[in-house]
Amino acid sequence: MEPATEKRVTMDEITALAKRRGFIFPSSEIYGGIGGFYDYGPLGAILKRNVKDAWWRENVELRDDVVAFDSSIVMNPLVWKASGHVDQFSDRMIDCTICKHRFRVDHLKDASKCPDCGSKGSFTEPRDFNLMLKTWVGPMEDTAAVAYLRPETAQGIFVNFKNVYQSARKRPPFGIAQIGKSFRNEITPGNFTFRMREFEQAELEYFVPDDGKDMAAFQEWVDKRKRWYSDYGVRADRLRFYELTEKERPHYAKAGIDVEYLFPWGWGELESIAHRGTYDLDAHMALSGKDLRFFDEASKAHYTPLLIESSAGMDRTTLTMLVDAYEKETSTDPTGKATERVVLRFHPKIAPVQAAVFALARNKPELVERARAIESDLRRRGVRTQYDEGNIGQLYRRQDEIGTPFCIVFDFDSLDDAKVTVRERDSMQQERVSVDALAGYLDEKL
Ligand code: ATP
């Protein structure tokens, strides 16, 4: 349940802040936008990159048993035949004959009355609607040229399984990881960037031998992912790992867990972790006629490894970071006046700006020059910085709203004592730190 004492942020507030501060804009907005597509602004692009980097660092760079991969978005259409997407990747949809709006049957609470126009008995019969976006490859727009934009990144990994393990000289247990765009022609995109038609996934396909340790590998992965969300500060009471029942899992899956976050509208899936057995490699071997099995030198035998898959949405994770970090709080300023501030409590590794450096006065070259020098020094050392000048109250408010953990002020006293004021975002505590010690001070905290 949602914590009772807190008033949750609304999606309207998140959307407005995202636009105002340059996190996320509706795509092609000057032409009226296009449903289910969004653009990341200057801060949003960095936030999303930081989320992806955090995933990549943990799951690829820090592991010697996982290799990197980057497959094409358009593949031979037979890939999607084998995977089942051509025949089965569809949602049941229904149209209202009065207002012409289209709905997913499984999203309708009451299938007798249109939720948009209120008409009763106005629905068409349910029909299957394939979610893959189609295009044509080559100069002819005929059926032979039809291709699909991938609806998931995983299949690129499966069809390359042999190429990868041979070239990387890996043997199960080992994983192949990829982050990339996927496309689904969702019937009802919505909830801001939660359900889009173009989005990014981070997928890890971990292949294990059939030696009785596969469920342990599955559990290990689940625990790892729990730690990751917690390390980056996602509130534990808004996160759950929902275990799918046998009925809810595909017939071939031995186990499955959905990672869900409590958004303002309710629980929503961020990631799915599944034990998929040999299903995916089997399907591609059957249609392609190629042997994708692993050859074990020790036993001189071929076998098909089992697959533990983790598939996480990077846009949904980025949205989670925004929603989870958001807080509106009332505090008293030094004069005793109550003030309200909006603050994004981003983890410092995720925050788009880590340290903002201010000159206290705009028209004092001696302050501006020194503050700018500090900012460029920190930037060179790898801190994500921003320089600004002017009214200090306004500057703090702006940085709070974009989640900057530290603000550094170069003031008139700094000219004499070579110290700056460092103000911490969450506690709003300030301390004087000598300019020489500043890089080390931040290094420890970021
Ligand atoms: P849903 O039930 O919400 O449609 P799904 O179960 O079809 O999602 P998967 O196929 O398991 O999703 O995809 C793995 C992850 O990719 C999801 O957990 C989600 O984070 C992300 N994802 C899937 N569809 C979308 C989408 N339309 N927009 C943004 N992210 C998506």
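The values are calculated or read from the model by the stated rules, or taken from the named source; none is laboratory data. The shown structure was predicted, so the numbers you read here are calculated from the model rather than taken from an experiment. FYI the Cβ positions are ideal-geometry reconstructions off the backbone, even for glycines, and counts take in every protein chain you see. Quick note on the areas: whole protein, heavy atoms, side chains included, nothing else; ligands and nucleic acids left out. Shrake-Rupley method; radii C 1.70, N 1.55, O 1.52, S 1.80 Å.
Scanning segment 42-76 for residues that are within 30 Å of Thr143 (Cβ to Cβ) and open to solvent by 50 Å² or more (accessible area, probe 1.4 Å) yields Asp70, Ser72, Ile73, Val74, Asn76.
Residue pairs whose Cβ atoms lie under 7 Å apart, separated by 6 or more positions or on different chains, with the first residue in segment 298-321 and assigned by TED's automatic domain parsing to the domain that holds Met11 and in contact (Cβ under 8 Å) with a residue 24 or more places away in the chain and the second open to solvent by 40 Å² or more (accessible area, probe 1.4 Å) and of a type in the set (Asp, Glu), are Tyr303/Asp210; Thr304/Asp282; Leu306/Asp210. In segment 339-354, is there at least one residue being touching a strand residue (DSSP E or B) at 6+ places or on another chain (Cβ under 9 Å), within 16 Å of the ligand (Cβ to nearest atom) and not basic (Lys, Arg)? Checked segment 339-354: no residue is touching a strand residue (DSSP E or B) at 6+ places or on another chain (Cβ under 9 Å), within 16 Å of the ligand (Cβ to nearest atom) and not basic (Lys, Arg).
For segment 98-113, what are the residues that are within 20 Å of Trp265 (Cα to Cα) and assigned to a loop (DSSP other than H, G, I, E, B)? Within segment 98-113, Leu108, Lys109, Asp110 qualify.
For segment 252-268, filtered to residues that are within 14 Å of Met321 (Cα to Cα) and within 11 Å of the ligand (Cβ to nearest atom), the residue that is surrounded by the most Cβ atoms within 10 Å (Cβ to Cβ) is Tyr261. Residues in segment 187-207 that are more than 18 Å from Thr320 (Cβ to Cβ), at pLDDT 95 or above and not in a strand (DSSP E or B): Arg197 alone.
Against the condition open to solvent by 40 Å² or more (accessible area, probe 1.4 Å) and either assigned to a loop (DSSP other than H, G, I, E, B) or at pLDDT 90 or above (or both), how does Asp87 come out, does it pass? In short, yes. Among residues that are touching a helix residue (DSSP H, G or I) at 6+ places or on another chain (Cβ under 9 Å), among the hydrophobic types (A, V, I, L, M, F, W, C) and either closer than 21 Å to Asn130 by Cα or within 16 Å of the ligand (Cβ to nearest atom) (or both), Trp228 is included. The single condition among (1) modelled with pLDDT of 95 or more; (2) aromatic (Phe, Trp, Tyr); (3) more than 11 Å from the ligand (Cβ to nearest atom) that Phe295 does not meet is (1). Cβ-Cβ contacts under 9 Å between residues 6 or more apart (or on different chains), taken from a first residue in segment 28-56 that is in the same structural domain as Val67 (by TED's automatic domain parsing) and hydroxyl-bearing (Ser, Thr, Tyr) to a second residue that is loosely packed, with under 15 Cβ neighbours inside 10 Å and assigned to a loop (DSSP other than H, G, I, E, B), are listed as Ser28/Ile34. Filter segment 266-290 for residues that are over 32 Å from the mean Cα position of the chain (by Cα) and in contact (Cβ under 8 Å) with a residue 60 or more places away in the chain and give the result. Matches in segment 266-290: Ala286, Leu287, Ser288, Lys290.
Could you look through segment 169-186, keep only residues that are open to solvent by less than 40 Å² (accessible area, probe 1.4 Å) and more than 10 Å from the ligand (Cβ to nearest atom), and pick out the one that is nearest to Arg293 (Cα to Cα)? The extreme case among them is Pro172. Of the residues Met314, Met215, Met321, the single one that is at pLDDT 95 or above and touching a Phe, Trp or Tyr at 6+ places or on another chain (Cβ under 7 Å) is Met321. Tell me, yes or no, whether segment 208-216 has at least one residue that is in a loop (DSSP other than H, G, I, E, B), within 14 Å of the ligand (Cβ to nearest atom) and open to solvent by 60 Å² or more (accessible area, probe 1.4 Å). Looking through segment 208-216, none of the residues is in a loop (DSSP other than H, G, I, E, B), within 14 Å of the ligand (Cβ to nearest atom) and open to solvent by 60 Å² or more (accessible area, probe 1.4 Å).
The single residue among Val51, Val9, Val60, Val67 that is out of contact with any Phe, Trp or Tyr (no Cβ under 9 Å at 6 or more places or on another chain) and either farther than 26 Å from Asn130 by Cβ or part of a loop (DSSP other than H, G, I, E, B) (or both) turns out to be Val60.
Regarding segment 19-33, can at least one residue be identified that is assigned to a loop (DSSP other than H, G, I, E, B), buried (at least 17 other Cβ atoms within 10 Å of the Cβ), charged (D, E, K, R) and modelled with pLDDT of 95 or more? Within segment 19-33 (the criterion being assigned to a loop (DSSP other than H, G, I, E, B), buried (at least 17 other Cβ atoms within 10 Å of the Cβ), charged (D, E, K, R) and modelled with pLDDT of 95 or more), the answer is yes, since at least one residue qualifies. Which one is nearest to the ligand (Cβ to nearest atom), of the residues in segment 298-335 that are outside any strand (DSSP E or B) and polar (S, T, N, Q)? Out of the qualifying residues, it is Thr317. Number of residues in segment 129-144 that are in a strand (DSSP E or B) and open to solvent by less than 100 Å² (accessible area, probe 1.4 Å): the value is 4. Quick one: which of Phe412, Phe358 is more than 30 Å from the chain's Cα centre (by Cα), touching a residue at least 12 places away in the same chain (Cβ under 8 Å) and buried (at least 21 other Cβ atoms within 10 Å of the Cβ)? Selected residue: Phe358, the only one of Phe412, Phe358 that is more than 30 Å from the chain's Cα centre (by Cα), touching a residue at least 12 places away in the same chain (Cβ under 8 Å) and buried (at least 21 other Cβ atoms within 10 Å of the Cβ).
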